[in-house]
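Reviewing the structure listed below.
The values are calculated or read from the model by the stated rules, or taken from the named source; none is laboratory data. Every value quoted in this text rests on a predicted model; they were computed, and no experiment measured them. Cβ placement follows ideal geometry from the backbone for every residue including glycine, while neighbour counts extend to all protein chains displayed. Calculation scope for accessible area: heavy atoms of the full protein, side chains included, ligands and nucleic acids excluded. Shrake-Rupley method; radii C 1.70, N 1.55, O 1.52, S 1.80 Å.
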Amino acid sequence: MNQLVVMPVLIPLACAALSVLASRSARAQGIIGVVGTGALLAASILLLRTVLEHGVLALQIAGWPAPYGITLVADTLSAIMVVLGGITGFAVAIYALVDIDADRREAGFYPMLHVLLMGVCFSFVTGDAFNLYVCFEIMLIASFVLLALGGERMQMEGALKYVTLNLVSSAIFLSALGVLYGLTGTLNLAHLHQLMPGVAAEHPDLVAATAGLFLVSFGIKAGLFPLYFWLPSSYHTPPVAVSAIFAGLLTKVGVYALIRMFTLVFGDLEGAHRLLLILATLTMIAGVLGAVSQYHIRRILSFHIISQIGYMVVGLGLMVSPDPDVRRLGLLAAVFYIAHHIIVKANLFLIGGIVRRLRGTEELRDMGGLYRQMPWLAALFLVPALSLAGIPPLSGFWAKLSLFRAGLQAGQWVVVGAAIAAGVMTLMSMIKIWNEAFWKAPPETDATAAITIEPLDRGRLAVLLVPAVGLAVLTLLIGLFPGFLFDLAGRAAGELLDPTPYLEAVGAVATGGAP
Amino acid sequence: MTDPLILIILVPFAATIVAPAVARRLGAHTGWVLALAPAIVFAYVSRLLPIEPGTAHTVAVPWVGSLGIEFAFLADGLSVTFLLLISGIGALVMIYASSYLGRDPRLGRFYVFLLAFMGAMLGLVLADNLITLFVFWELTSVCSYLLIGFDHEKAEARAAALKALLVTGLGGLLLLAGFLLMGIAGEQLGLSAIAAGKISGLAAVDLREHAYYHAIFILVLLGCITKSAQVPFHFWLPAAMAGPTPVSAYLHSATMVKAGIYLLARLSPHLGGTPEWGWTVGLIGLVTMLTGSLATLGQRDMKRVLAYSTLAVLGTLVMLLGVGTEMAVKTAVVYLVAHAMYKAALFMVAGNVDHETGTRELHRLGGLRKLMPWTALAGILAALSKAGAPPMFGFIGKEMLYTTKLTVENVGAWAVVASVVANVALVASALMVSVWPFLGKRGDTPKKPHEAPLAMVLGAVLLSLMGLGRGLMPQPFETNLGSAAASAILGRPVEMHLALWHGVDPTALAVLGLSLLTLTLGGGLYFLIRRRVAPVGPLLRRLFSVGPTQLYDLTLQGIYSGADRVTRFIQSGRLRFYVMVTMLVTVIVAGPPLVRAFMGGPAAANGGWRIHEIIVAALALTAALAATALRSRLATLALVGVVGTCMGLLFVFFSAPDLALTQVMIEVLSVVILVMVLHRLPLVIKRSGRLSRGRDAVVAAAVGITMTLFVLTVARVDRDPTVSDFYLEQSVPAAHGRNVVNVILVDFRAMDTLGEITVLGAAGLGVLALLRLRRKERS
Amino acid sequence: MLIFMAILIGVLYSTGVYLMLRRNVVKLIFGLFLLGHAANLLIFTVGGLVRARPPLAAVGADAPPPDVADPLPQALVLTAIVIGFALTSFFAVLAKRVFLATGTDDTDALKSTES
Amino acid sequence: MRDSLILRTTTRVIMPLLLLFSFFELLRGHNEPGGGFVGGLLAAGGLCLYMLAHGVDDARRVLRVDPRVLIGVGLLLALAAGLVPVFQGAPFLTGVWAENKVPGIGKVSTVLLFDVGVYLVVAGTTLLMVLSLAARDEEEDDPC
């Protein structure tokens, strides 16, 4: 049973290796891609079910007890995140069958997709700080390659900024790990949790400074203000399938790491949580302002990621409140928000990609007429778009609701006010896409004439639509029956606040004894 | 779920599924079929009558257990009144719409939106749970957005729809915050989570005593007044006339804009009754009433006249709810019902005129009564009710309004004057939309008018006749519904007595006098406007052209340009700026506590030094520093290589042979790769000036100092040795390896290594991919 | 020796950052190299400087002699070195490709993704 | 450089020696400094030398397989080494040791197999990078 924990790492790794060996056959890669991500999804769902039934699962890799060996842990949060990774991966793998051209496939799109998923899922289940660094690097290198695949000018420029800033983040992370090990002598997160109170009592400032390094490093990954530069520089440049999986997952790994680190290891650092809350508030606003200023579908969507990251981190930042109810609600909101956002944001990119293919451009000013031409596509767009804007009864509404509720209960009026302002501007910029691409009459000059991508026939369009429709249905289901996700998120929040089940699952730490 | 109350909400939603198919088959006759949905609702709700004042029927289904949110519904006098208006007028509008839109290919879609809107409205007025209510509230906003922007290829329609959505959307979010605070306050006052979320549950506590009362009150009020188009958020409503007329007839008479009124009424037992409530709500209503009624005089488009007069009535209703006395509430109920009926009728009339003549501009209309007799009849009857002329239902409403004003203390004479002024204007505007187009000389219209088809006349005639009927026989209304509605708003059972004639007592006579005065003055005003004696129109237009509309435009522009400027500043495109900010943040976040920690402790043991160590370290240091100054790429590369090699040596000195081996091997490979990469890159040119170099040096030094301090401070800490001791002890016996570092790599922490080789392999493939694509380009 | 190592580490970070703040793509590459070196050396130094006692057990011995260097930081640094090599190599090639695709090595001129 | 006869001859001798040495490093790594990383790097270094002397095409010919295959196989080997104990009910990557010693190597184990995987990936990656960069370089020698 415990072996299940490692499956979300091994399945994509095996697929990646097989995909490399099959690099001659685009067809085989496609099949491995869809089947492999499907298997990942299935395994992750199984993992979630098992976690729900049996509680936190931990696996001591290579059989060495914690804290000596590397622990993989799946608590509710990890399991949810892995499922979300599986969902996004599966959707993108299908979408990519059409979206990724032959050149890029040959150059290794599918192996990199698997490696990326491996890194993402690995990050979610690892219970070891240095191992988390390795996971990040797996994810990073895959994302570097995916971003640069194709070598178009814009892509290269975006990739340079993306890679540089992410490498800076890695360097800071690595330094932070060195310091952390120097402070505590361990890397196991559960063990760190146990040692940290003692260390912090003795060296409070040093612990705060170390936490600061982690905050900056993960803040870069998550896209917090003012560390998010890499994101709007690059997310609109690669093929849509790549943007979609980036948009869905990458920043959320950063958020996950922030949540994990600043509950399990630095759970009592009020200053850090306050800083997170401030930065998150600024992130909401700065991100949405960016979105409002743009007229390019994917740029708008990219800035929205930032803004929404702000919402999620606000949930974590509410840990400043001493009220356990607020803390629980805040974390619950953060988890719910992440789940909602991954599905919705990936979908918006996928649909944006369909629009791009139909219109040959992503510039809103050159678009129009899609509502008349394809009302069903318009309806499909509205589901994630309105969900992102927090319109009930879609998933985003519940995410905002729980966050507002936590913020109000904590008495953080400014934060809630900023969230409301950002909410209205989110609506504004989603409607901008709707107005310009769908409602407006098509422009006089037909941009499709200049289309550089091969036109879509029915079959290919259907392949692109399958994942988009699937994710939209998921959004609707979460919206209409939010209870399930709320229960999951509530459970995850509970485990984050009281990690006893986590510690017990990791086991040996408590006694600290050798085998 | 079997409770019929819930089922009636589902009826319109269910109808949306069949609507497109029906519309495709039946075209202009679609409405007759789809009107069945609201008709069923109407029939069911009618059977609930009479409603006993002070009673309520509630039903709840669990929804989100963990947050205590239920699908909870409540039927009392207030909600039933609204249910009847929504479904009754809804049915008539349904019939009207397909005829109005004719062969529009988007008819099916239109009905989907309209039916969904209706379902949302039904849900809104039935909801007992605050969150349930809010869900429907927002749904009405979205549906109305789609309906107002139905002619979406016109920029004006899009802008109008956006305006409505943004204003109500902002209000919605504020309302949500208010609702959540209500829940929190309720819980703090001792309610369970479920009870605190319910409107009926809140009756058990007094929110007015809670510290959050003012916040709740302001937030909820903002939600209501944005939705119900009160000053200063009123501007979206006239703009929304860009929507098709059936939409205006439905949304802007009886439903959408009344949602805010409904909510104020619904919550007034819980939030009302304080002086703050009275003054704020009353004043907002009063200002809106005056604004709307005066602005209506400046309009010459029939629909816009109606839109502004709607504002006036909405303002009046809000004002009455602010006053909140028994009389005021009863007045509000009567006024609300009367207005819903005559305004829907008038919108339909305007639609008919527009449809048949091709224009809604008053100065091109006239003398239509012979050509469109039924429309004219409906228009004139409805306008009489609007004008508050006896024996219409509107007359009763106005009489009660004046009675309220005269009998309530603290309101003062100026409120009476304001009411009279507003009503004079309303009389004039009623004449504008009835006398002007239908009587007098034939106008010069784009199309030659005929009477509109039955479907389009039916609703207007029925509604206007009902206005007459209710006026003559108000008793069925008051016993069946009116009393119960007023009781629900007041929060205690009351009796309502309506009459056209109140006998001879001083107040009644004064009121009657005021009514007659209003009618006379209104008639006179209309005459002035019609003859263009007074430049009232242009003057008023100019007066009302400044104000919140401009503010909205400016705000919108401000947001756009501000967003642009901020984003350009932050996202400048200059990579070095990004790196610098990132580094500065690192220093700012980690630096201060680090300096405190460093200052606070003793120096760490330095561990002595050997000359060869110092030489190697100094060499590395010098090489690194020199690397920043050199221009030659290869020389810089050599220096970086020297740094790496020195590190290898340091690893050797400090007991790390594996590291040293790896470091040196890697260094060699890196240099090989870099040589190949740097091949044919341009020479390094110095690009930055002395100033920016100085600035960069300061930032860089700050980072360096921070890290140095980290090393020095952390070295003082005695870390827990358990983990590394374990590796040293167990490596040979348990893992069968004498090289502990390697055993860690391939056994104790093999998972790291597995990840690491994945990174390595992926990087290799990545390099290949980068080089490959380039080759393709060339060939 | 600690103090010298600490200074060396600080200088490596400084020079790395300084190079990254240049407008030149080539300097960016070198900057990242130095930054990587700095981080590795930091872990190593913080792990403790022990002279000439590598964590190796003699043939037949049950464990390494007492007071050997902490093996874990060494293992971490080794992993970090290899990962760093992979990433920086990729970065170097990428930088070259950026130059080939855009025709400039001035990072200030690479603004098309933001305009 | 490619025309240097001495280099060409010496590399022909040195390369097999280096490869052999790299295997040795791989195998002894568990007990002495060395291991899969160093071994893989050495092996790749040997071939790189050969490439410098004889050119990319010759080096590819000597290598016989596509370096990508080395990476894929290496990853799968490492994975397989980890999965062996799983079938015995032990956690992923647990070392499984053969009963008897093999002369020159010592006890054979999945740990060693894992290290072989590391060796292959390291060698494959390094070769892939260097060979493809060198190939590009040769191409670019033609004027663009």
Within the range A:18-38, restricting to residues that are surrounded by 18 or more Cβ atoms within 10 Å (Cβ to Cβ) and either more than 24 Å from B:Leu765 (Cα to Cα) or free of Cβ contacts under 8 Å to residues at least 60 places away in the same chain (or both), the one that is nearest to the chain's Cα centre (by Cα) is A:Leu18
Looking at the range A:181-200, can you tell me whether even one residue there is in a helix (DSSP H, G or I), more than 10 Å from chain B (Cβ to nearest Cβ) and under 15 Å from B:Leu594 (Cα atoms)? yes
* Residue check, C:Ala109 at the interface with chain B (Cβ under 7 Å from one of its Cβ atoms) and open to solvent by 30 Å² or more (accessible area, probe 1.4 Å) -> no
Taking A:Ile31, is it at pLDDT below 95 and assigned to a helix (DSSP H, G or I)? yes
The residue that is nearest to the chain's Cα centre (by Cα), considering only those in the range A:356-400 that are β-branched (Val, Ile, Thr) and modelled with pLDDT of 90 or more, is A:Val383
The condition from (1) part of a helix (DSSP H, G or I); (2) open to solvent by 10 Å² or more (accessible area, probe 1.4 Å) that B:Leu371 misses is numbered (1)
B:Ile614 passes all but one of the listed conditions (1) surrounded by fewer than 18 Cβ atoms within 10 Å (Cβ to Cβ); (2) touching a residue at least 12 places away in the same chain (Cβ under 8 Å); the exception is number (2)
Only one of A:Leu231, A:Leu213 is open to solvent by less than 10 Å² (accessible area, probe 1.4 Å), closer than 28 Å to B:Phe569 by Cβ, of a type in the set (A, V, I, L, M, F, W, C) and under 18 Å from the mean Cα position of the chain (by Cα), namely A:Leu231
Return yes when A:Leu72 is without any contact (Cβ under 8 Å) to a residue 60 or more places away in the chain and either farther than 15 Å from A:Thr126 by Cβ or of a type outside the set (D, E, K, R) (or both) and no when it is not.
no
| query | Does A:Asp103 meet the test of being open to solvent by 10 Å² or more (accessible area, probe 1.4 Å) and touching a Gly at 6+ places or on another chain (Cβ under 9 Å)? | reply | yes
Going through (1) at the interface with chain B (Cβ under 7 Å from one of its Cβ atoms); (2) free of Cβ contacts under 8 Å to residues at least 40 places away in the same chain one by one, A:Val163 fails only at (1)
For the range B:314-330, the count of residues that are of a type in the set (S, T, N, Q) and modelled with pLDDT under 90 equals 1
Checked the range B:15-58 for anything small (Gly, Ala, Ser), touching a residue at least 12 places away in the same chain (Cβ under 8 Å) and within 28 Å of B:Ile199 (Cβ to Cβ); matches are B:Ala15, B:Ala37, B:Ser46, B:Gly54, B:Ala56
Flagged in the range B:195-206 as buried (at least 19 other Cβ atoms within 10 Å of the Cβ) and either over 23 Å from B:Val64 (Cα atoms) or of a type in the set (Ser, Thr, Tyr) (or both), in numbering order, are B:Val205
Given the conditions (1) of a type in the set (A, V, I, L, M); (2) within 18 Å of the chain's Cα centre (by Cα); (3) more than 7 Å from chain B (Cβ to nearest Cβ); (4) open to solvent by 20 Å² or more (accessible area, probe 1.4 Å), every one holds for C:Leu76 apart from (4)
Checked the range A:135-160 for anything surrounded by fewer than 24 Cβ atoms within 10 Å (Cβ to Cβ) and at the interface with another protein chain (Cβ under 7 Å from one of its Cβ atoms); matches are A:Gly150, A:Arg153, A:Met154
(message) Looking at the range A:354-366, can you tell me whether even one residue there is more than 12 Å from every other protein chain (Cβ to nearest Cβ), closer than 29 Å to A:Ala272 by Cβ, open to solvent by 10 Å² or more (accessible area, probe 1.4 Å) and assigned to a helix (DSSP H, G or I)?
(response) no
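Only one of A:Leu72, A:Leu117, A:Leu132 is touching a helix residue (DSSP H, G or I) at 6+ places or on another chain (Cβ under 7 Å), assigned to a strand (DSSP E or B) and either of a type in the set (A, V, I, L, M) or open to solvent by less than 10 Å² (accessible area, probe 1.4 Å) (or both); which? Write out each step before concluding.
Working: A:Leu117 fails: assigned to a strand (DSSP E or B); A:Leu132 fails: assigned to a strand (DSSP E or B).
None of the others qualify; the one that does is A:Leu72.
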| Quick one: is B:Val746 open to solvent by less than 10 Å² (accessible area, probe 1.4 Å), assigned to a helix (DSSP H, G or I) and more than 7 Å from chain C (Cβ to nearest Cβ)? | yes
Within the range C:41-69, residues under 20 Å from D:Phe37 (Cα atoms) and open to solvent by 10 Å² or more (accessible area, probe 1.4 Å) come out as C:Pro54, C:Leu56
#### Entry: Test: B:Gly123 is open to solvent by less than 10 Å² (accessible area, probe 1.4 Å), over 28 Å from B:Glu356 (Cβ atoms) and not aliphatic (A, V, I, L, M)
yes
- Being open to solvent by less than 10 Å² (accessible area, probe 1.4 Å), touching a Leu at 6+ places or on another chain (Cβ under 7 Å) and modelled with pLDDT under 95, is that true of even one residue in the range A:280-295? no
Restricting attention to the range D:28-50, does a residue exist that is buried (at least 16 other Cβ atoms within 10 Å of the Cβ), within 14 Å of chain A (Cβ to nearest Cβ) and without any contact (Cβ under 8 Å) to a residue 40 or more places away in the chain?
no
Those residues of the range D:26-80 that are touching a strand residue (DSSP E or B) at 6+ places or on another chain (Cβ under 9 Å) and assigned to a helix (DSSP H, G or I) come to a total of 2
Checked B:Ala159, B:Ala91 against criteria (closer than 30 Å to B:His29 by Cβ and part of a helix (DSSP H, G or I)); the one match is B:Ala91
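Here's the yes/no breakdown for (1) in contact with a Ser or Thr (Cβ under 9 Å, 6 or more places away or on another chain); (2) at pLDDT below 90:
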{"site": "C:Val11", "(1), (2)": "yes, no"}
{"site": "C:Arg23", "(1), (2)": "yes, yes"}
{"site": "C:Phe30", "(1), (2)": "yes, no"}
{"site": "C:Asn40", "(1), (2)": "no, no"}
Counting only residues that are crowded, with 19+ Cβ neighbours inside 10 Å, among the polar types (S, T, N, Q) and under 28 Å from A:Leu206 (Cβ atoms), the range B:668-724 contains a total of 4
